[in-house]
Amino acid sequence: MSKSKKLGLNTICTHVGEVKDEQFKGAVSPIYLSSSYEYLDVEIKRYPRYFNTPNQEFLAKKIATLEHTEAAMIFGSGMAAISTMFLAFLKQGDHLVVQNTLYGGTVNFIKEEFPKYGIEYTFTNGYTVEDFEAVTQRNTKLIHIETPSNPLLTITDIAAIAKFGKSKGILTSMDNTFASPINQTPMDLGIDMVMHSATKYFGGHSDICAGAVASTTEHVERIWNVGKNLGGSLSDMTVWMLERSMKTLGLRVKAQTKNALKLAKWLHKHPKVSKVYYPGLKSHPEYALAKSQMRGFGAMLSFELVADLDAQQFQKSLQLIKSSMSLAGVESTVVSPHLTSHALLTQKERDAVGISDQLVRFSVGIEDVKDLKRDINQAIKNSK
């Protein structure tokens with residue numbers, strides 16, 4: 001770790017976590033597709049479900065280095081990562097405090113699965129440290145946050161939540177998917193565990209489904225003990241693709257972040273857009289906080305179309321920007337959260353957190369900004 005920390009960001013993305021091809025000296029990591037390994041007289045008994053094949057083991061080092069942690073694990077999806085993390089640290093009778101502005105899949109997992117395990121939970125009324133303090137109980141064992149949040153890009157004070165957790169002896173975890181370690185490293189601000197949907201920026205090309213958790217060696221070992229039983233491991237072919245994709249993580253995310261800021265400022269002034277949610281805008285209520293804890297404001301934003309436009313027709317009219325379920329690929333995509341990520345919530349629940357039918361989540365890609373603006377304008381003209 002000490003040696004890796006001295007390396008530049010793009011050097012880490014390119015070289016840390018490579019599997020050396022000692023036999024043929026190839027320029028890229030070889031793929032180890034074996035599902036069965038020698039077990040006699042070996043230091044490590046390798047097995048895919050144990051998250052320790054050569055490709056799995058070495059990619060985890062890249063993720064840990066980027067997140068400034070001691071260790072990491074990769075999973076078959078972001079939900080496999082977060083569910084395993086929750087179940088590793090919560091048991092019957094324990095209580096979770098969770099931010100109310102959160103990815104819908106995480107919300108659904110908590111509401112559907114926690115009652116089966118006898119795990120209690122409370123969603124906050126907001127995303128300030130005071131909101132978390134108000135609902136903390138004597139049996140609270142974990143606080144989970146997401147910042148920037150999906151899809152409204154709310155910003156939570158990471159250091160304040162981490163400090164509060166430590167003062168009460170409560171572990172803290174955070175979903176860092178939207179920012180990625182290029183723009184934000186929560187462990188530096190005191191958070192105990194960080195998770196990702198690696199399907200998103202880590203993969204970056206809309207062709208990988210994966211998840212990741214990064215933390216101390218002690219915490220990761222505890223997560224591993226549960227993970228090996230749940231079986232949420234990732235195939236080595238996908239691991240290899242993910243390692244390849246992460247070599248350009250810094251270049252991609254920085255380019256996307258630059259584009260997003262330009263588009264957010266443009267949309268903010270657009271007559272057919274009633275509101276823009278992006279922490280890089282000075283009009284954002286947590287702009288100063290975002291600036292203090294992020295190196296860049298990220299490549300995700302959301303905006304609300306004016307009432308006389310049809311949000312679905314707008315998406316159907318786009319010619320360059322794709323209407324797509326996921327996010328964070330090199331190509332720009334849009335989606336209606338009320339029909340996708342938050343479709344499992346009731347209308348009342350969506351209204352409570354501000355997710356309207358006019359809301360469009362925009363994952364900004366690496367295209368030329370002028371082309372994206374042109375596409376949005378023509379789609380708006382065809383959406384009345």
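Read the figures in this text as sums done on the coordinates, not as results from a lab. Treat the numbers as computed from the prediction; the structure is a model and nothing was measured. So basically every Cβ, Gly included, is an ideal-geometry build from the backbone, and we count neighbours across all protein chains shown.
Some notes on this structure:
- Extension gain (nm, one decimal) between HIS68 and ASP357, 0.36 nm per residue minus Cα-Cα: 100.2 nm
- Inter-probe distance in nm under a simple model that places probes 7 Å from Cα toward Cβ, at VAL226 and VAL330: 3.6
- Adding -39500 (n - 2.57) for every DSSP H run of four residues or longer, then dividing by how many residues the chain holds, sets the calculated 222 nm ellipticity at -11500 deg cm²/dmol.
- Bridge orientation summary for the chain: considering DSSP beta bridges with both residues in this region, about 55 percent are antiparallel.
- Rough spin-label spacing in nm, given labels placed 7 Å along Cα→Cβ, for VAL306 and TYR50: 6.3
- Each Lys and Arg contributes +1 and each Asp and Glu -1, all at the Cβ; summed about the Cα centre of the chain, the dipole is approximately 1020 debye.
- Against the chain, whose longest principal axis comes from its Cα atoms, helix 369-381 is set at around 50 degrees.
- Counting 0.36 nm for each residue step from LYS166 to LYS269 and taking away their Cα separation leaves a gain of 32.9 nm.
- For region 250-381, the Cβ-based charge dipole about the Cα centre amounts to some 540 debye (Lys, Arg positive; Asp, Glu negative; other atoms uncharged).
- Cα centroid separation, region 74-105 to region 318-360 (Å): 22
- Counted charge near ASN382, where neighbours are those whose Cβ lies closer than 14 Å (Asp, Glu -1; Lys, Arg +1): +2
- Other-chain or far-sequence residues with amide H under 5 Å of SER323's (modelled H): VAL334
- Cross-link reach list, aspartates and glutamates versus LYS45, counting only Cα pairs under 14 Å and skipping chain neighbours closer than eight places: GLU57
- Selection from ALA299, ALA352, TYR39, by position along the positive dipole direction of the chain (Cβ): ALA299
- Just so you know, the averaged projected area of the alpha carbon convex hull for region 250-381 sits at 8.0 nm².
- To the nearest ten degrees, helix 236-246 and the longest principal axis of the Cα atoms of the chain are 60 degrees apart.
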